[in-house]
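Please read the structure below before turning to the comments.
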Amino acid sequence: MKTCLYTLALVAALPVLAQPQKTVDPQQRLEWWTEARFGMFIHWGIYTVPAGEWNGQPVRGLGEWIMNRSKIPVRDYEKLATQFNPVKFNADEWVAVAKNAGMKYLTITSKHHDGFAMYGSKVSPYNIVDATPFHRDPMKDLAAACQRAGIKLCFYYSQTQDWHEPNGVGNTWDFKEPSPLEFEKYYNEKVIPQVRELLTNYGPIGLIWFDTPRNITQEQSQKLADLVHQLQPTCLVSGRVGHGLGDYDSAGDNQISMGAVKRPWETPVTLNDTWGFKKDDHNWKPAQVLVRQLATTSSRGGNYLLNVGPTSEGVIPPESVERLAEVGKWMKVNGEAIYGTSANPFPYDVPWGVITSKPGRLYLHVFRWPGKELVLYGLRSKVQQAKLLAGALVRFAQKEDELNGYTALTLSLPAQPLDPNDSVIALDIAGKVEVDPSLQQQPDLTVTMPPQLGDLHKSPGSQARPDSRGVMERWTRAQDWIEWSFKVNHPGAFDVELVTSQQKYGDGWDGGQRVSIEIASQKVSGLVADNGKEDNPSNPYWPYVISKMGQVKIDKAGTYSATLKPDDIPTGQKFGLTVVAVRLVPAK
Ligand code: H79
């Protein structure tokens, strides 16, 4: 009898012990997230106590980096915790701000590089419950508030840098850099158990947003990704877990990729110039920029993660709340042109705005209202209906020729835009959306040739390539060149411009290269020089620099080729030829 009971107990325990790991197809994991398209980032930590000021002096750079920028010793920085008391924190209010903006998920810093846990952690007493007068776990409130509102809760966790721990990476002022063995110890004793806590104590988590993998090993990245998927099979792992092991790619901070990106991807963006609250940062992006960045990111197949930095009292700055409310107003009318959409089916940008798509639908996001008529070339499919999402049906006509089928769509518009931020026109398409992928002159008569749509001829060993923003990087050899093919419908005289990009928040740009551009067998040559800047609306920290190269004449409509060849690149350039595009602009 005894044996029998024992066996029964064992059998009963078996399903638990030998529970097969629930596996989830990564594609399935991504479903809600690619549908969502728009999330809120929240940077919140004890760096909001100094709020960008140390010893009475403003500290340049990002608010959450103050400990590093001012080389604040751990013993002094720790004291900030005793002053952190967010008595005005209200989880439902924060979640409502996100929801009213049209955001579908919320990613909050559970531990940033400073090492301070913003949740109740048993792993280290350096956390909000044990070390601050608040003595409460705000993540519990947020988890509940998110559940109520139908918003996915996600956690940011900095896995490599930890300026509080001798064996973490990054604090070079108190400690020496840890050996691989010491770092492994930190990893096993803090990172792994804290990530375990985050995935165990707060209900279902949408994703873990790791950051700055630095020099962690492939095994360490893999261990973290596996841990997340083992504890919550549907939880996503962000692109910055390291070694390409995330479920999706992450663009650089405040960077929006140029063309459509194959893998699912996300860009994190600041509302002003910092993530963590700084009292003297008033450089708020207008709602117009936010709406257009959101639409632009969607048009390239990505998610837009927009940051707010609440104060040490727990208040999201009113300037942020106002702008998000305006984005939300736009989303209420135009959300269907964002949620669940795919990238622009054309490989190039259109001059008046951006395009998103769904099966059987195209959404034309008009940023620059063209007046009474909007023309779209290269749409091969038949349009059944055109409608402004904010208003009425739109009259349209499609031009057709025997060889190519439909070639041009002309929409008759009201004289003024319905929404100065982004007026969306939805096109119903019969069957599949088919487009002519070849580069062509646009209705404003310009031709824009970006590197990723040309053939790059590289010399052996050259590292030149378009970066994730579509800007050429490491083009420092005169032997490398690019070739394009393009169509012209409206012949004429054109100014030839070389568009390059400033780098690193506008701090870096190399000019002085001598280049030749050949268009339709006519050659213009000149020096890359700054003949004026142009805003890059999707990447405001990387303005364009225009170099005027000369003039060419194209006499008849047809397909032509263009080449860009350096004659000379001065040695020792840091950035080289940061080409964004060769552009033909109708001569005045
Ligand atoms: O959490 C936000 C940033 O704190 C984090 N990623 C986003 C989402 C981030 N970690 N590292 N970086 C961004 C790159 C940071 C570079 C800089 Fe600096 C920090 C430039 C200025 C301050 C380090 C310190 C390099 C120069 C000074």
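The values are calculated or read from the model by the stated rules, or taken from the named source; none is laboratory data. Keep in mind that what you see is a predicted model, and the values were worked out from it rather than measured. Reconstructed Cβ throughout: ideal geometry from the backbone, glycine too, with neighbour counts over all protein chains shown. Side chains are part of the model used for accessible areas, which takes the heavy atoms of the whole protein and leaves out ligands, DNA and RNA. Shrake-Rupley method; radii C 1.70, N 1.55, O 1.52, S 1.80 Å.
Annotations for the structure displayed:
- Inter-residue pairs, beta-carbon under 7 Å, first open to solvent by less than 10 Å² (accessible area, probe 1.4 Å) and in region 567-588, second basic (Lys, Arg), 6+ apart: Gly576/Arg474
- The lone criterion from (1) more than 16 Å from the ligand (Cβ to nearest atom); (2) surrounded by 15 or more Cβ atoms within 10 Å (Cβ to Cβ); (3) in a loop (DSSP other than H, G, I, E, B) left unmet by Ala143 is number (3).
- For region 94-106, the count of residues that are open to solvent by 10 Å² or more (accessible area, probe 1.4 Å), modelled with pLDDT of 95 or more and touching a His at 6+ places or on another chain (Cβ under 9 Å) is zero.
- Residue within region 68-75 that is assigned to a loop (DSSP other than H, G, I, E, B), in contact (Cβ under 8 Å) with a residue 12 or more places away in the chain, within 16 Å of the ligand (Cβ to nearest atom) and among the polar types (S, T, N, Q) present: yes
- You will find that of Glu64, Glu93, Glu31, the residue that is away from the ligand (no atom under 16 Å from the Cβ), under 22 Å from Cys154 (Cα atoms) and under 21 Å from the mean Cα position of the chain (by Cα) is Glu31 and no other.
Condition check ((1) at pLDDT below 95; (2) within 24 Å of Thr234 (Cα to Cα); (3) of a type outside the set (A, V, I, L, M, F, W, C)) across all residues:
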| position | (1), (2), (3) |
| --- | --- |
| Tyr119 | no, yes, yes |
| Tyr126 | no, no, yes |
| Cys146 | no, yes, no |
| Cys154 | no, yes, no |
| Asn171 | no, no, yes |
| Phe175 | no, no, no |
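- Scanning region 107-137 for residues that are open to solvent by 10 Å² or more (accessible area, probe 1.4 Å) and either β-branched (Val, Ile, Thr) or not in a loop (DSSP other than H, G, I, E, B) (or both) yields Val123, Val129, Asp130, Ala131.
- Region 211-236, subset in a loop (DSSP other than H, G, I, E, B) and within 16 Å of the ligand (Cβ to nearest atom), residue most open to solvent (accessible area, probe 1.4 Å): Arg214
- Options Phe84, Phe38; residue that is touching a strand residue (DSSP E or B) at 6+ places or on another chain (Cβ under 7 Å), aromatic (Phe, Trp, Tyr) and either more than 16 Å from the ligand (Cβ to nearest atom) or open to solvent by less than 10 Å² (accessible area, probe 1.4 Å) (or both): Phe38
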